[in-house]
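The values are calculated or read from the model by the stated rules, or taken from the named source; none is laboratory data. Note that the structure is a prediction, hence the values are computed from the model and not measured. Backbone-built Cβ (ideal geometry, glycine too); neighbour counts: all protein chains shown.
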Amino acid sequence: MMATLHGWLERNARKYVNKEALVTDHVRVSYEEWNQTCNQLAHLLLTYGVSYGDHVGIIADTNEHFVYAYFSLLKIGAVAVPISCHLTTEETISLLDQFDVRFLLCEDRVYTSLQRSSVTLPATFYSIEDLLLRAHVFSDENLELTISNQTTCAIMVTEDKSECLNGVVVTHEQVMAVATSFAYEFQVTSADSVLSTMPLSHSTSLHCFFLAGLYAGSSHHLHPFSPARFVQVIQEEQPTITYADLRCYSEMAHHYDADALPDRFPSINIFAYGGGRMTTSTYEKIRRLFPVERLYHVYGVTEMGANGTILRPYEHAEKMGSIGREAVISMEMTVVNDEGKETRAHEYGELMLRGDSMSTYYKEIFPFSFEKPWFATGEIGYRDEDDYVFIVDRKKNVITLNGMDVYPREIEEVLAAHPHIVAASVVSISHNEKDNKLKAVLVTKEGITVTQQAMQTYVSTYLAPHQQPSIFRFVAALPRNENGEVLKAFVKEL
């Protein structure tokens with residue numbers, strides 16, 4: 001039988017029978033118990049009409065409910081559609097309809113909200129907690145179904161280059177290429193314990209870390225992120241690997257004084273972060289609390305299963321903000337100009353990726369048609385003289401001002417380096433290239449007031465004339481999605 005994702009779980013259930021494998025706020029179970037629960041749930045779902053190829057949504061927090069639902073669907077040959085648990089009912093219904101979801105497995109709180117909704121759902125929905133109660137009378141034996149590694153296993157929701165939510169269709173083989181690559185790059189073994197705090201509806205947390213740990217037979221700790229819980233779990237459970245968005249590390253640095261956590265988390269060998277570019281000011285804040293000699297930056301895109309690049313701890317000092325010099329073991333990357341030719345050092349171009357984990361197509365648009373095939377990420381970047389790649393901004397965010405290209409991220413990093421500024425976002429407030437103006441929306445440190453005049457003086461010192469915002473707005477927080485990405489369309493309205 002060809003290897004599959006659920007095959008990894010079944011192998012571990014035989015290999016590590018009594019090893020503690022899954023720990024959440026509600027359960028502590030072995031690989032055998034984890035696999036048996038998924039088998040029971042899969043047998044129950046078959047009686048409810050869930051079958052091979054069906055699109056089935058999952059809405060659950062970072063806990064055992066997501067894991068049980070995900071693997072029970074894989075065992076059936078159904079297609080899992082992980083959906084953020086932070087969407088509104090209307091947004092959820094829109095995604096269910098867009099991705100032809102027939103069934104929805106969700107946690108009780110979501111189930112109750114959907115029941116109360118006056119809108120008719122396009123899918124039959126069930127409470128995961130209720131299903132698990134019903135499933136315990138069903139067989140806990142593995143299902144004897146023929147499922148190959150070429151079978152579609154999931155549709156991962158992402159924002160495509162047109163800024164619309166779309167679904168990246170992935171097979172077992174493609175996801176396994178991601179997990180095995182990261183297991184290799186981080187040397188993950190069965191002795192490791194992986195702490196997952198980010199939503200498992202995200203490719204990076206699910207494919208790169210959770211499933212890499214599954215491949216290696218590691219233990220797993222699943223807990224939704226909060227600064228206090230993050231510290232508590234590390235101190236009590238002693239995990240060895242964790243991944244979080246950069247904003248979470250920044251939040252930790254704001255939340256805790258270094259003196260309050262003098263041990264600096266000795267059990268963790270790998271602190272991985274993604275979801276943003278590390279700036280010098282952010283690095284200085286984080287290094288007071290976290291051991292930077294164990295800090296890794298991972299970069300990837302959903303269309304590649306979140307596979308991509310790694311910047312290692314020893315590279316941070318000289319190559320801060322880079323995504324790395326080369327792609328992970330199963331990947332390649334390059335930067336090309338508008339003619340498709342590789343750029344010279346410090347020449348801006350578009351970042352391209354290719355490798356074993358590249359998805360075949362989007363659910364709603366069209367099959368990828370790349371000449372080599374390369375995936376065009378929509379990221380503008382460059383290689384430096386040492387071949388390290390730096391991302392400047394997203395192609396869609398570039399502003400043309402008086403015939404010159406302006407990259408908002410470069411301006412935002414200068415603004416965020418101001419001692420009284422916590423976060424910054426820069427947008428254009430006109431769609432007319434001739435009268436474009438730059439607006440900076442800023443979040444100041446609590447209790448501190450900064451004037452527009454002070455900011456104008458600051459930017460005139462550190463930015464070229466065409467990069468200087470003419471309008472400044474001060475807000476309590478920037479609008480963000482659950483990945484921590486700033487929602488530029490909403491920023492324009494502030």
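Scanning segment 193-218 for residues that are out of contact with any Pro (no Cβ under 8 Å at 6 or more places or on another chain) and under 18 Å from Glu237 (Cβ atoms) yields a count of 9. The set of residues in segment 74-122 that are part of a loop (DSSP other than H, G, I, E, B), modelled with pLDDT of 90 or more and of a type in the set (A, V, I, L, M) comprises Ala78, Ile83, Val101.
Has segment 190-213 got at least one residue that is of a type in the set (D, E, K, R) and at pLDDT 95 or above? Checking segment 190-213: at least one residue is of a type in the set (D, E, K, R) and at pLDDT 95 or above.
For Thr158, the requirement of being surrounded by 18 or more Cβ atoms within 10 Å (Cβ to Cβ), among the hydroxyl-bearing types (Ser, Thr, Tyr) and in a helix (DSSP H, G or I) is not met.
Give the residue that is surrounded by the most Cβ atoms within 10 Å (Cβ to Cβ), with candidates limited to residues of segment 67-121 that are without any contact (Cβ under 8 Å) to a residue 40 or more places away in the chain and under 23 Å from Asn149 (Cβ atoms). My answer is Ser72. So in segment 434-479, with the set limited to residues that are outside any helix (DSSP H, G or I) and among the aromatic types (Phe, Trp, Tyr), which one is farthest from His254 (Cα to Cα)? That would be Phe472. Looking only at residues in segment 276-334 that are aromatic (Phe, Trp, Tyr) and at pLDDT 90 or above, the one that is nearest to Gln174 (Cα to Cα) is Tyr299.
Summed over segment 402-428, residues that are touching a strand residue (DSSP E or B) at 6+ places or on another chain (Cβ under 7 Å) and either buried (at least 16 other Cβ atoms within 10 Å of the Cβ) or in the same structural domain as Gly321 (by TED's automatic domain parsing) (or both) total 16. Filtering segment 43-60 to residues that are part of a helix (DSSP H, G or I) and either in contact with a Gly (Cβ under 9 Å, 6 or more places away or on another chain) or farther than 12 Å from Leu132 by Cβ (or both) leaves His43, Leu46, Thr47.
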